[in-house]
Amino acid sequence: MKVDVMEKPQFNVDQVVPASVAARRFGEVRKNAKVIPQFISENNRIDSVVQSYEDYEKMYMELEYLREMTREYNLSIRVQQADENPTNRYSLQEVMGDAEYGEFRKIDPNTIADEDLFE
């Protein structure tokens, strides 16, 4: 499956604000950013972006979703590989390492609320 990915964000000249202007008119930049992101330039290069919190939150949630999907995908590949090669199994201790496995074994499962275990 091919996914079209933009190399860099695209914007128009109306969204670019020189840093010196942004410093003098920050309230205006913030107001405009609630409608469309504002790109702050310094020495003719984009240095910063001002965007609405709503846009930032949406972007953050999408990124976290993609990270979780990537983890699940990678895990499914590992499970499939393990199923195809049942002789190549590893114990949890081998995967975690002795120190981390020791810490894991110290966890008292009764101290974790059911709500935290079953989301």
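Laboratory data are not the source of any read-out in this text; all were calculated from the coordinates shown. Only a predicted model underlies this, so the values are computations on that prediction, with no experimental measurement involved. Heads up, the Cβs are rebuilt from the backbone with ideal geometry, glycines too, and the neighbour counts pull from every protein chain shown.
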*With Rg and Dmax of the Cα atoms in Å defined as stated, name the option among [x] 15.7, 51; [y] 23.8, 67; [z] 14.7, 51 computed from the structure displayed.*
[y]
_Cα→Cβ-extended label distance, 7 Å offset, between residue 56 and residue 29, nm_ = 1.4
*Starting at the first residue of segment 39-45, write each ³J(HN,Hα) from the Karplus equation 6.51 cos²θ - 1.76 cosθ + 1.60 with θ = phi - 60°, in whole Hz, x for Gly and Pro.*
9, 8, 10, 9, 6, 6, 10
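Helix-derived [θ] at 222 nm for the chain: sum -39500 (n - 2.57) over DSSP H runs of at least 4, divide by residue count, nearest 500?
That comes out to -16000 deg cm²/dmol.
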*Name the residues whose placed amide hydrogens come within less than 5 Å of the amide hydrogen of residue 17, ignoring near sequence neighbours (fewer than 5 apart) on the same chain.*
39, 40, 41
*Along Cα→Cβ, 7 Å out, is where each label goes; now give me the distance between the ones at residue 110 and residue 82 in nm to one decimal.*
2.9
*What ranking, highest mean first, results for peptides 35-41, 65-71 when packing means the other Cβ atoms within 10 Å averaged over each residue?*
35-41, 65-71
_Under Karplus coefficients 6.51, -1.76 and 1.60, residue-wise ³J(HN,Hα) of segment 71-88 in Hz, glycine/proline x_ = 4, 5, 5, 4, 5, 5, 5, 5, 5, 4, 4, 5, 5, 6, 10, x, 7, 9
*Could you give the nm distance between label points at residue 4 and residue 42, where each point is 7 Å from its Cα heading toward the beta carbon?*
3.5
*Which ³J(HN,Hα) values, rounded to whole Hz and listed in residue order, are derived for segment 104-112 from phi using the Karplus coefficients 6.51, -1.76 and 1.60 in 6.51 cos²θ - 1.76 cosθ + 1.60 with θ = phi - 60°, glycine and proline given as x?*
4, 5, 6, 5, 8, x, 6, 8, 9
_Loop GluC sites (Glu not before Pro), segment 1-52 (other Cβ atoms within 10 Å of the site Cβ: 13 or fewer; DSSP)_ = 7
_Efficiency of FRET from Cβ geometry, residue 66 and residue 14, R₀ 41 Å, rounded to 0.05_ = 0.85
*Would you kindly state how much longer the chain becomes between residue 49 and residue 103 on full extension, computed as 0.36 nm times their sequence separation minus their alpha carbon distance, in nm to one decimal?*
15.2 nm
*Over the chain, what is the relative contact order in whole percent, taking alpha-carbon pairs under 8 Å and six or more residues apart?*
13
